[in-house]
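One structure is given below, encoded as structure tokens.
The values are calculated or read from the model by the stated rules, or taken from the named source; none is laboratory data. In this text, all values refer to a predicted model and were calculated from it rather than measured experimentally. Heavy atoms of the whole protein, side chains included, go into the accessibility calculation; ligands, DNA and RNA do not. Shrake-Rupley method; radii C 1.70, N 1.55, O 1.52, S 1.80 Å.
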Amino acid sequence: QFKSVEKFRGILNLRYRLIPYLYNTFIDSVKNNEMYGSPLGFVWQDDEDAKRCEDQLLIGDSIMIAPVYEQNATGRHVYLPEEMKLIRFKGTEIAEEKIMEKGHGYIHVALDEVCIFLRKNKKLPLAKEAASIEDVDFDDLTYIEY
């Protein structure tokens with residue numbers, strides 16, 4: 001059971017690496033009176049498959065999340081309305097970056113992994129691992145670009 005706790009701790013700590021993007025996107029959405037998270041059908045209005053994806057969200061204009069929502073699932077079916085870069089985090093570390101083509105697919109996701117999809121011509125700033133929001137260093141960021 002201890003190993004499972006450590007796996008979840010890594011996932012929870014990942015949120016601090018994502019804080020620069022999430023905060024900046026939130027502030028931009030408030031200033032511009034825009035949605036922070038949008039269903040795919042709101043962005044790709046002419047794409048019938050995107051309209052049917054109720055559980056995948058575009059956060060800001062750069063990243064898409066497709067959470068694994070079935071208990072004990074080892075992955076999930078995803079729909080990509082355009083080519084995107086899959087960024088697989090194992091705990092707080094990047095385990096894989098891979099270009100995925102537009103269309104339907106299945107991604108395997110382990111218990112200690114989080115997958116984020118980055119849109120083309122966008123970037124995702126990541127902070128170094130931190131123990132709390134007060135420890136996040138906003139001046140020392142790494143960028144993943146696509």
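A few points about this structure:
- Note: relative contact order over segment 1-54, using C-alpha pairs below 8 Å and six or more positions apart, is 18 percent.
- Taking only the alpha carbons of segment 71-146, we obtain Rg and Dmax values of 14.0, 40 Å in that order.
- Compactness relative to 2.2 N^0.38 Å, alpha carbon Rg of segment 36-75: 1.25
- Where Phe117, Phe8 fall by accessible area, highest first, once all protein chains stay in place (1.4 Å): Phe8, Phe117
- With contacts taken as Cα pairs under 8 Å and at least 6 residues apart, the chain reaches a relative contact order of 26 percent.
- Using only alpha-carbon positions in the chain, the gyration tensor eigenvalues give semi-axes of 24, 21, 14 Å once each is multiplied by 5 and square-rooted (largest first).
- One way to sum up the overall shape of segment 15-98 is the equivalent ellipsoid from its Cα gyration tensor, whose semi-axes run 21, 20, 12 Å, largest first.
- Taking only the C-alpha atoms of segment 1-62, the Rg (one decimal) and the largest Cα-Cα distance, Dmax (whole number), read 15.6, 47 Å.
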